[in-house]
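Taking it in order: structure first as structure tokens, then the write-up.
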Amino acid sequence: MIKLSWTNKAGSDLARLYEFLAPINKQAAAKTVQSLTNAPNILLSHPKLGECLDGFQPREVRRILINDYELRYEIQNNTIYILRIWHTKELR
């Protein structure tokens, strides 16, 4: 059975995004974070849904887009690790 695991960095990313959005609209900030938190559940039934990022080989790191946000994850054995989340317009 496949399970999801959030890294500390991914959790920090959610907090950072909320803190950025909340001063403008707390309700929208909460809705965005909830959407980003729920989105990876699709990976439980379709773990290879995201685009494979070749620059991380031999690790299997992939990404999915959720509206204007990029979520990177890694598949290891039976666990999908949520690595990072950011807005696609952020300077990286």
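So here's what we get for this one:
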| item | result |
| --- | --- |
| Cross-link reach list, lysines versus Lys3, counting only Cα pairs under 18 Å and skipping chain neighbours closer than eight places | Lys48 |
| Debye, to nearest 20: dipole size of the chain, +1 on Lys, Arg Cβ, -1 on Asp, Glu Cβ | 120 |
| With Cα atoms, 0 to 90° folded angle of helix 8-21 axis to the chain main axis | 30 |
| Relative contact order computed over the chain (Cα-Cα under 8 Å; 6+ residues apart), in percent | 33 |
| Per residue accessible area of the chain, 1.4 Å probe, in Å² | 66 |
| Descending semi-axes in Å of the chain, equivalent ellipsoid built from Cα gyration tensor | 24, 14, 11 |
| FRET E, pair Gln27, Leu49, Förster distance 35 Å, beta-carbon r, rounded to 0.05 | 0.75 |
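The values are calculated or read from the model by the stated rules, or taken from the named source; none is laboratory data. All values derive from a computational prediction rather than experimental measurement. Cβ: placed from backbone, ideal geometry, glycine included. Neighbour counts: every protein chain shown. Protein only, heavy atoms only, side chains kept; ligands, DNA and RNA dropped before computing areas. Shrake-Rupley method; radii C 1.70, N 1.55, O 1.52, S 1.80 Å.
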